[in-house]
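Notes follow the structure.
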Amino acid sequence: MTAPRLLRTLAALPLVLAPLPAARANGRGPAASPPAVSFQQRQQQVRPLPGQLDGVLMVNDNNPELITGEGILLSTFPEAPGLNLALNGRFDLFSHHVYAGKPGELNSKLWLAVLVQPVGDQPVTLELLGGSTSLSQATRKGQTAAPFLPLPNLMAETSTPIAAGPGSRVAGDLLRRERAPELSSRWEIAPGEASALVMLPIPVAGLDPLLNGRNLQMRLRSSGPIHLATLAAYGSGKRAPTLARWQKLLASGTLSPKEHKPTPRGSTGKIVYSRVSGVQVGSLWQATLTDPGANSLNVQEAPISWPISSLDRGDLGTGQVQTAELKVFSEGTAWAAHGNYGVEYDLTLPLRNPGPGRRRVVVALESPFKNGSTNRSLRFQSPATGPVMFRGPIEVSGLDGSQGRPAGARRFHLVLRQGEEGPALGTVTLAPGESRRVRVRLIYPADATPPQVLSILPVKQSNPVPSVSP
């Protein structure tokens, strides 16, 4: 998934903003020597993730990622270059784009619009079941934004959202069931012509570098069949393009330039995944993780891991590709939804301790190396100094809480680098014969690089902790 050079610059901001070692920053003494790096091959089970994606359609609008010109980004309308697919009932929209300004201009502003038109002559009601949007950087008060700040690898969320990047922010909003103020909750769409659900700016004025991004995700329910299109256009000064201009741009059939042609499916050698411009099948992966042929998960089998967002040539030896297939897609763009961006994972782990002693395990999300990992071992690096591979929130219910009772939903923000063993999200302590259900939810964020693993890890101890009668 090669990103544009400017996007890589933005993704690297946490490294650029990180403070220098004190001696070097103050100009006194030599720079500290980099820590010695070691690699570990952790012997364990890596199991395919049970379950599968649901059948809900998701409009996946991510090619081009870096928008360089006005035009249609994605269209399901029947007229060329549309994909000729009507959406009805439950469907989702995932849209993620970056804008780097116009050459020679400092104050240009790009606008993103979502246009909808009923199929037939009856009005249609669209309901927003959940959704949010965020810029990378705000340029005025009131804009929802999440800069790429250098955050620790683990932060527990309290009442204030924690985010680094727009994909991270939107995923967190969806987990919290919060809606960005830029979005309405309901639309009445008249037949006959396209109407705008949203018109959202991607401004760059005053930014250095001239670079900004926007993530938009919407979970929708339609009372009737509709066609949908996303478009990009320049405004007039501070004003957004008029609806008539959006309609004219849609009717013109002009495409915003695409990027990154994919390696053909089934090819050998180096792979270019490309980015998605199509409609995928699946927006939710819901499953219960048990031992084969059982209805519970034996904690004595830990460590155990399951891939999250595994993909072609990134299945960690499990043979499982979780990537959503595309029902339709634009020519010259990705042939599958590599990465499952915007997909929700809702996983239940019915943990059980059948042994004679008290057992304690850790729940973690980790980012092992793709190369060198198998279904019998995962490869990690310490310290992890490579690129950030996961930047986003995760929610866990059922961890050890106060007074020995299971805790309710807790949310954490993770920043995982390539080859990084995940920090403990919490522990689960089980007495002999005790069971507990742990639930893990995450929405795969746009600012991540797959795959990761969900792991149940044993707390290191020489012998099982003996059970103590109350």
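Within the stretch 189-208, being of a type in the set (Gly, Ala, Ser) and touching a helix residue (DSSP H, G or I) at 6+ places or on another chain (Cβ under 7 Å) holds for Ala194, Ala196. All of (1) more than 22 Å from Met218 (Cβ to Cβ); (2) surrounded by fewer than 20 Cβ atoms within 10 Å (Cβ to Cβ) hold for Lys327 with one exception: (1).
If I filter the stretch 354-377 down to residues being part of a loop (DSSP other than H, G, I, E, B) and of a type in the set (D, E, K, R), which single residue comes out as surrounded by the most Cβ atoms within 10 Å (Cβ to Cβ)? By that ranking, first place goes to Lys370. Which condition number does Gly192 fail, the rest of (1) part of a loop (DSSP other than H, G, I, E, B); (2) under 30 Å from Arg441 (Cβ atoms) being met? Looking at each condition in turn, Gly192 falls short on (2).
Trp111 passes all but one of (1) in a loop (DSSP other than H, G, I, E, B); (2) under 26 Å from Leu243 (Cα atoms); (3) hydrophobic (A, V, I, L, M, F, W, C); which number fails? With respect to (1) in a loop (DSSP other than H, G, I, E, B); (2) under 26 Å from Leu243 (Cα atoms); (3) hydrophobic (A, V, I, L, M, F, W, C), Trp111 is out only on (1).
Per the conditions (1) under 23 Å from Ser256 (Cβ atoms); (2) not in a strand (DSSP E or B), the sole criterion not satisfied by Phe94 is (2). None of Leu112, Leu126, Leu74, Leu151 is at pLDDT 95 or above, surrounded by fewer than 19 Cβ atoms within 10 Å (Cβ to Cβ) and closer than 30 Å to Glu395 by Cβ except Leu151. Is it true that some residue in the stretch 87-97 is surrounded by fewer than 23 Cβ atoms within 10 Å (Cβ to Cβ), under 22 Å from Gly167 (Cβ atoms) and under 20 Å from the mean Cα position of the chain (by Cα)? For the stretch 87-97, residues surrounded by fewer than 23 Cβ atoms within 10 Å (Cβ to Cβ), under 22 Å from Gly167 (Cβ atoms) and under 20 Å from the mean Cα position of the chain (by Cα): present. For Asn153, are the conditions met, namely being touching a Leu at 6+ places or on another chain (Cβ under 8 Å) and outside the structural domain of Ala113 (by TED's automatic domain parsing)? Spelling it out, Asn153 is indeed touching a Leu at 6+ places or on another chain (Cβ under 8 Å) and outside the structural domain of Ala113 (by TED's automatic domain parsing).
Against the test of being part of a strand (DSSP E or B) and closer than 30 Å to Leu73 by Cβ, the options Leu326, Leu351 yield a single qualifying residue, Leu326.
Residues in the stretch 111-138 that are aliphatic (A, V, I, L, M) and in contact with a Gly (Cβ under 8 Å, 6 or more places away or on another chain): Val119, Val124, Leu135.
Looking at Gly101, Gly82, just one residue is assigned to a loop (DSSP other than H, G, I, E, B), closer than 12 Å to His227 by Cβ, in contact (Cβ under 8 Å) with a residue 40 or more places away in the chain and in contact with a Ser or Thr (Cβ under 9 Å, 6 or more places away or on another chain), and that residue is Gly82. Scanning the stretch 421-470 for residues that are among the small types (Gly, Ala, Ser) and modelled with pLDDT of 95 or more gives Ala424, Gly426, Ala431, Gly433, Ser435, Ala446, Ala448, Ser455. Among the residues of the stretch 309-324, just one is crowded, with 22+ Cβ neighbours inside 10 Å and more than 18 Å from the chain's Cα centre (by Cα), namely Leu316.
Would a scan of the stretch 401-420 turn up a residue that is modelled with pLDDT of 95 or more, acidic (Asp, Glu) and either assigned to a loop (DSSP other than H, G, I, E, B) or surrounded by 23 or more Cβ atoms within 10 Å (Cβ to Cβ) (or both)? Yes, that holds for at least one residue.
Only one of the numbered conditions (1) on the phi > 0 side of the Ramachandran plot; (2) crowded, with 16+ Cβ neighbours inside 10 Å is violated by Thr139, and that is (1).
The set of residues from the stretch 330-348 being in a loop (DSSP other than H, G, I, E, B), of a type in the set (Phe, Trp, Tyr) and buried (at least 20 other Cβ atoms within 10 Å of the Cβ) comprises just one member, Tyr341.
For Pro423, are the conditions met, namely being assigned to a loop (DSSP other than H, G, I, E, B) and under 30 Å from Phe39 (Cβ atoms)? Judged against the criteria, Pro423 is a match. Filtering Gly401, Gly426 for residues that are on the phi < 0 side of the Ramachandran plot and in the same structural domain as Gly317 (by TED's automatic domain parsing) leaves a single hit, Gly401. Here Arg405 fulfils each of the conditions (1) charged (D, E, K, R); (2) free of Cβ contacts under 8 Å to residues at least 24 places away in the same chain; (3) touching a helix residue (DSSP H, G or I) at 6+ places or on another chain (Cβ under 9 Å) apart from (3). The strands (runs of 3 or more DSSP E) found wholly in the stretch 228-309 and carrying at least 3 residues that are over 30 Å from Gly89 (Cβ atoms) occupy 304-308. Among the residues of the stretch 118-147, those identified as of a type outside the set (A, V, I, L, M), touching a Ser or Thr at 6+ places or on another chain (Cβ under 7 Å) and under 29 Å from Ser236 (Cα atoms) are Thr133, Ser134, Thr144, Pro147.
The values are calculated or read from the model by the stated rules, or taken from the named source; none is laboratory data. Fair warning: this is a prediction, and the values are worked out from it, not measured in the lab. We place every Cβ from the backbone using ideal geometry, glycine too, and count neighbours over all the protein chains shown.
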